[in-house]
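Okay, so here's the structure we're looking at.
Each reported figure results from applying straightforward, stated rules to the coordinates on display, with no laboratory input. Fair warning: this is a prediction, and the values are worked out from it, not measured in the lab. FYI the Cβ positions are ideal-geometry reconstructions off the backbone, even for glycines, and counts take in every protein chain you see.
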Amino acid sequence: MTAWWRDAVLYEIYVRSFADSDGDGIGDLPGIRARLPYVRDLGVDGIWLTPFYPSPGADHGYDVADYLDVDPRLGTLADFDALVAESHALGLRIVIDLVPNHTSIEHPWFTEHPDYYVWADEPNNWLSVFGGPAWTFDEDRGRYYLHLFAPEQPDLDWHNRAVQAEFEQILRSWLDRGVDGIRVDVAHGLFKDPGLADEAEPVPGAELHSFDRRRAIDRPELHPLYRRWRDLVDGYPGGRFLVGEVFFRDPERVAAYVRRDELHLVFNFTLLFVEWDVDAIRDAIDRTLATLGPIDATPSWVLESHDVARLPTRYGGGARGARRARAAVLMLLALPGTAFLYAGQELGLPEVELPNELRQDPVFHRTNGARLGRDGCRVPLPWTRGDGYGFTTGDPWLPIPDGWGELSVAAQEEDPRSTLALVRRALRLRPHGEFAWQESPEGTLAFTRADTLCIVNVAGPPLPGPDAELLLASEPVEDVLEPGTAAWFRRSREETR
Ligand code: TEU
């Protein structure tokens with residue numbers, strides 16, 4: 001078995017925001033095809049595409065109306081096949097996003113197969129992750145249907161065997177089309193408590209994170225399902241894999257999903273939940289390795305995605321946040337396992353503060369603005385300095401801020417000290433081999449991967465570099481690593497021994 005994904009770097013493309021080929025302001029598959037050389041030159045191993053299926057767009061593609069086609073605004077199945085073929089020719093793998101917890105309310109199943117969904121005469125106390133109750137009354141049927149997300153995203157009833165059979169077919173069809181991996185959206189969801197019992201303690205505000213629901217999700221029925229999916233996927237040649245979005249704060253709860261015969265990989269979001277704090281970062285790494293190591297599961301690392309605020313902003317914003325985010329990306333790419341980069345992270349894009357009237361995320365609208373939602377990390381990419389920033393010839397679906405010309409790919413390609421240049425070099429020098437912590441002063445982290453030493457000065461005093469060859473640093477390093485700096489060194493043979 002070629003388990004190439006065990007130390008791969010995968011690049012997440014939020015399809016609407018990457019590159020628009022036809023001037024409608026929305027990124028599309030031909031746009032991505034045209035930018036494949038950029039992705040190849042970055043040095044990643046593959047691409048994860050967010051959903052591109054026909055969708056009314058209540059949650060921008062995560063409300064799927066047809067699992068086997070491409071949204072006409074984003075291209076055609078022929079474009080998809082060409083994207084796969086061209087990616088493979090460039091040595092890039094393709095991972096697609098499967099959304100099995102819910103469909104769009106406009107999926108024909110909702111009318112033709114109401115028994116595919118979860119219904120109740122009286123709603124229980126479950127809350128929607130996007131705000132408000134998780135139940136909506138259906139006038140025609142006189143009953144309530146469940147939606148852990150938006151009302152336009154009714155939850156499927158996974159206890160219905162017919163639903164299970166539909167998804168096996170869907171998995172096969174995309175594997176037959178040549179995809180290398182499949183991300184399973186809300187992989188901790190799917191099966192709900194069949195008794196639909198109330199949550200014991202509905203924690204106010206807990207709806208934000210679906211991991212805080214105890215009864216609705218994380219059901220034992222998931223594990224036999226993933227064992228069957230594992231068999232199905234492993235029946236295809238070439239090291240295909242499933243990566244689950246298992247959204248729990250604790251890595252301990254995630255581990256059950258990556259036992260040897262279940263999902264190949266899970267996202268490990270621990271670093272998403274911690275600030276630029278040395279103890280919290282070390283703890284996230286330790287807990288991840290301690291839970292996954294003994295079961296021989298591959299750790300994965302994520303600092304950014306289409307669901308969370310951009311890293312430079314989370315780390316305090318401005319020059320300081322930008323600097324910390326650059327250091328963090330060197331740390332990310334030195335950790336053992338699979339790393340995920342979110343398109344735009346390589347440019348150091350910050351979160352964008354959008355005027356409320358332009359916000360589109362249902363999270364914003366369903367919470368009456370109490371939560372700003374995720375539009376700020378989904379602003380289209382700036383490719384060039386000029387008009388439309390090279391993203392579109394029309395109006396981008398979210399405006400690209402003034403001043404982003406300097407953050408554009410074109411601008412950063414001219415600057416050897418840019419974040420883009422740093423990420424490209426890091427992807428070429430990315431270390432492999434055994435991980436081990438090394439002693440380091442307070443406020444700093446140091447670990448080795450075989451003979452590469454990675455030092456991160458999170459918030460310690462200026463740290464003198466070791467007597468070793470400097471491979472790469474997130475900031476110019478004279479004699480010391482200032483706080484908010486990471487660097488990779490090659491240890492001499494002497495030290496390695
Ligand atoms: O996210 C699932 C999930 O748990 C997140 O919604 C998370 O709780 C939230 O973003 C925090 O604000 C997946 C997708 O990644 C997300 O984009 C979709 O909106 C969601 O599923 C529904 O399909």
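Distance from the C-alpha centroid of the stretch 40-56 to that of the stretch 78-113: 10 Å, rounded to the whole angstrom. Per-residue extension of 0.36 nm, minus the Cα-Cα distance of Arg371 and Arg320, leaves a gain of 15.9 nm for this segment.
With +1 on each Lys and Arg Cβ and -1 on each Asp and Glu Cβ, how big is the dipole of the stretch 277-355 about its Cα centre, in debye rounded to the nearest 20?
Details: 8 positive and 10 negative charges, 60 e Å.
Result for the stretch 277-355 is approximately 280 debye, rounded to the nearest 20.
What the Cβ-Cβ distance of Tyr236 and Glu112 gives, at R0 = 35 Å and to the nearest 0.05, is a FRET efficiency of 0.70. Residues in the stretch 51-63 carry Karplus couplings, in order, of x, 10, 6, x, 7, x, x, 4, 10, 6, x, 7, 10 Hz; the curve used is 6.51 cos²θ - 1.76 cosθ + 1.60 with θ = phi - 60°, and Gly or Pro positions show x.
Using the number of other C-beta atoms within 10 angstrom as an exposure proxy, rank Asp387, Asp451, Asp115 with the fewest first. Write out the running numbers ahead of the final one.
On the way: Asp387 8, Asp451 15, Asp115 11.
In increasing order of surrounding Cβ atoms, one gets Asp387, Asp115, Asp451.
Here the spin labels are modelled as points 7 Å beyond Cα on the Cα-Cβ line, and at Arg282 and Gln438 they lie 1.6 nm apart.
Taking Cα atoms only, the orientation of helix 278-292 departs from the longest principal axis of the chain by about 60 degrees.
Residues whose amide H comes within less than 5 Å of that of Tyr117, counting only those at least five positions distant or on another chain, are Asp157 (H built at 1.01 Å from N in the peptide plane). Dipole check for the stretch 1-97: with +1 at the C-beta of Lys and Arg, -1 at the C-beta of Asp and Glu, and the Cα centre as origin, the magnitude is about 360 Debye. Place a point 7 Å from Cα of Ala410 in the direction of its Cβ. Which residues in the stretch 363-396 have their backbone N less than 11 Å from it? In the stretch 363-396, the label zone of Ala410 (backbone N under 11 Å from the point 7 Å along Cα→Cβ) covers 383-391.
Most exposed first by the Cβ proxy, i.e. fewest other Cβ within 10 Å, how do Asp66, Asp296 rank?
Values: Asp66 16, Asp296 9.
With the fewest neighbours first, Asp66, Asp296 line up as Asp296, Asp66.
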